[in-house]
């Protein structure tokens, strides 16, 4: 099953030529999750041939325009193109009021159900769950209430090794084996030891999106060991004071967090328009955390379900 | 002095690849007027190297998203780039409330003065005047309150023909000649006949912007003889019923209005995404009004101050 991230925008608030404001699409199986929605997101979706009707959830990190000014246009287009599929919209307090007012003044009765989930950006909390994934808020520290999002696949069943399975096992017992239990008789004696007949499940993949924030170590426990960390890196570290003042991070800080969290891979983005060439930001991060890449427009990374068998 | 229109977007509400939502810039001398501001307008300004700090007036025709969803981002960018010049913003009821709420939720105290002028889209009325131009609303007929805008240069002074001017004329008398008066003595006897010593002034140029609307002949008196008429042409005429139902116009209708108003030139725009090739729309319009062009992204037209001397 796909677990793939696509970057639609890499720019911080002041726009830069050929860069777009923040938006990302996380594909999990056939479902798309849109993470932030800066101005021009619907054009970027069109450019990369991503069908917006497949988006089931939209997550808005905070109410600075470069993270949500594309939302109104995208929802309008979904409406005009006769979407009927329900949409979940997660965002901080204020977003629902803004949308309600927009729809009122444009005399629009959106013809598909939008369920608005107001999130508390100050806590780590599960805000979404389906058969495949959970999503938690990651509290950020920015000039307005702001959170990141942690996407985690749920634990997957263990593999049954057919040739080792005793023939007396019933279907319910097979299910219990898949979920890691041993099979015991009525006296508690082990009949089939789980590890003798199963192998490890496929990995449960994870992606942490750290939107606009100061350097903030207290999220380390939540993002520990994730497959992919996106962290904003608005500035080079020679501007660390400017970063602190504006509640942003430097490339070096993003990489430091990645190293401390022992993540597998780091994406940096949300670059200040002052950087025409992004190579120095990448090099600064790589000096601290080698497995770093630039989260620039069009960049895609699929995370595989590696099998680490016993 | 320049009187030049630049098209930033040609698309109707549903976006189409490589087309942008409605926005136009009318340059009058050194002042820029932005007319509508669909999503992506700030990117388009950047693409065409138009400095947004030169925009003094923004006119929003109506509150359908494809005409104003770029406004929040543009104003935010002006703020972030430390604009201090005052800005006039003209728009229908509801726009000020939307902006106020946007700035509130994003905790933004815009650092330049915005004067919001709420306009009544149902009447023909002068809403703006400076030394050079006047701007009037043109009532449209759309699904929400909507108006177009008529930009007119003020009358210009007549030319004095130096070699024909009697030497006794005082500076105030010269000014009166420039404004078309004869020079008389205290008994009312004509000393200098205006037409003997002056020639016609440069033309006062005019541009009529007809935003989303049904075909509507009652604006003919206001747009009679304008140098340039922009009129929406969302559909071909085989979809005239769809046009009426959605309160839009066809290319043929736009051209019919141009012919009846005896305008000098017609621009058509706001094309439905269903038309990949716009040539048939142009041909349909040209069959009725030859001097028609497509108002597509990047299209520029300067209107000259032709001298029609006596």
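The values are calculated or read from the model by the stated rules, or taken from the named source; none is laboratory data. The shown structure was predicted, so the numbers you read here are calculated from the model rather than taken from an experiment. FYI the Cβ positions are ideal-geometry reconstructions off the backbone, even for glycines, and counts take in every protein chain you see.
For residue A:172, the criteria (1) closer than 30 Å to residue A:132 by Cβ; (2) exposed (fewer than 11 other Cβ atoms within 10 Å of the Cβ); (3) more than 36 Å from the chain's Cα centre (by Cα) hold in every case but one, which is (3). Under the condition of being over 15 Å from the mean Cα position of the chain (by Cα) and away from chain B (no Cβ under 14 Å), the residues counted in segment A:127-149 number 2.
Are any of the residues in segment B:142-152 within 28 Å of residue A:100 (Cβ to Cβ) and part of a strand (DSSP E or B)? Looking for residues that are within 28 Å of residue A:100 (Cβ to Cβ) and part of a strand (DSSP E or B), one finds at least one in segment B:142-152, hence yes.
Considering each residue of segment B:61-90, count those that are more than 10 Å from chain A (Cβ to nearest Cβ) and either part of a strand (DSSP E or B) or surrounded by fewer than 21 Cβ atoms within 10 Å (Cβ to Cβ) (or both), and give that number. Give the steps one after another, and end with the answer.
Filtering segment B:61-90 for residues more than 10 Å from chain A (Cβ to nearest Cβ) gives B:61, B:78, B:82-90.
Of the ones still in play, those that are also either part of a strand (DSSP E or B) or surrounded by fewer than 21 Cβ atoms within 10 Å (Cβ to Cβ) (or both) are B:82-90.
The qualifying residues number 9.
Scanning segment A:219-235 for residues that are surrounded by fewer than 18 Cβ atoms within 10 Å (Cβ to Cβ) and without any contact (Cβ under 8 Å) to a residue 40 or more places away in the chain gives A:221, A:224, A:225. Restricted to segment A:108-118, and to residues there that are farther than 16 Å from residue A:60 by Cα and at pLDDT 95 or above, the residue that is nearest to the other protein chains (Cβ to nearest Cβ) is A:112. Residue count for segment B:96-107 under the criterion of being facing chain A (nearest Cβ under 8 Å) and either outside any helix (DSSP H, G or I) or under 26 Å from residue B:145 (Cα atoms) (or both): the result is 7. Among the residues of segment A:300-307, is there at least one that is outside any helix (DSSP H, G or I), touching a strand residue (DSSP E or B) at 6+ places or on another chain (Cβ under 6 Å), in contact (Cβ under 8 Å) with a residue 40 or more places away in the chain and buried (at least 18 other Cβ atoms within 10 Å of the Cβ)? Yes, there is a match, as at least one residue in segment A:300-307 is outside any helix (DSSP H, G or I), touching a strand residue (DSSP E or B) at 6+ places or on another chain (Cβ under 6 Å), in contact (Cβ under 8 Å) with a residue 40 or more places away in the chain and buried (at least 18 other Cβ atoms within 10 Å of the Cβ). If only residues of segment A:253-274 that are in a loop (DSSP other than H, G, I, E, B) and either in contact (Cβ under 8 Å) with a residue 60 or more places away in the chain or touching a helix residue (DSSP H, G or I) at 6+ places or on another chain (Cβ under 6 Å) (or both) are counted, the one that is surrounded by the fewest Cβ atoms within 10 Å (Cβ to Cβ) is A:273. Taking residue A:14 as the residue in question, decide whether it is under 26 Å from residue B:75 (Cα atoms), away from chain B (no Cβ under 14 Å) and either over 14 Å from the mean Cα position of the chain (by Cα) or modelled with pLDDT of 95 or more (or both). Criteria not met by residue A:14. Of everything listed in (1) in contact with a helix residue (DSSP H, G or I) (Cβ under 9 Å, 6 or more places away or on another chain); (2) crowded, with 21+ Cβ neighbours inside 10 Å, the single unmet condition for residue A:103 is (2). Among the residues examined, residue B:121 qualifies as within 14 Å of another protein chain (Cβ to nearest Cβ), closer than 30 Å to residue B:220 by Cα and crowded, with 19+ Cβ neighbours inside 10 Å.
Here is a yes/no grid of residues against (1) closer than 29 Å to residue B:226 by Cβ; (2) touching a residue at least 40 places away in the same chain (Cβ under 8 Å); (3) not assigned by TED's automatic domain parsing to the domain that holds residue B:34:
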{"residue": "B:91", "(1), (2), (3)": "yes, no, no"}
{"residue": "B:110", "(1), (2), (3)": "no, no, no"}
{"residue": "B:119", "(1), (2), (3)": "yes, no, no"}
{"residue": "B:133", "(1), (2), (3)": "yes, yes, no"}
{"residue": "B:144", "(1), (2), (3)": "yes, yes, no"}
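Count of segment B:40-60 residues, restricted to those that are away from chain A (no Cβ under 11 Å) and not in a loop (DSSP other than H, G, I, E, B), is 7.
Against the definition (assigned to a loop (DSSP other than H, G, I, E, B), within 12 Å of another protein chain (Cβ to nearest Cβ) and touching a strand residue (DSSP E or B) at 6+ places or on another chain (Cβ under 9 Å)), how does residue B:93 come out, yes or no? Against the criterion (assigned to a loop (DSSP other than H, G, I, E, B), within 12 Å of another protein chain (Cβ to nearest Cβ) and touching a strand residue (DSSP E or B) at 6+ places or on another chain (Cβ under 9 Å)), residue B:93 qualifies.
Restricting to segment A:20-39, name every residue that is under 16 Å from residue A:296 (Cβ atoms) and either away from chain B (no Cβ under 13 Å) or modelled with pLDDT under 95 (or both). Break it down into steps so the answer makes sense when it comes.
Here is the first cut: in segment A:20-39, the residues under 16 Å from residue A:296 (Cβ atoms) are A:20-25, A:35-36, A:38.
Passing the criteria: A:24, A:25, A:35, A:36.
Every residue, every condition in (1) touching a residue at least 60 places away in the same chain (Cβ under 8 Å); (2) within 16 Å of the chain's Cα centre (by Cα); (3) in a strand (DSSP E or B), yes or no:
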| site | (1), (2), (3) |
| --- | --- |
| B:207 | yes, yes, yes |
| B:214 | yes, no, no |
| B:281 | no, no, no |
| B:288 | no, no, no |
| B:296 | yes, yes, no |
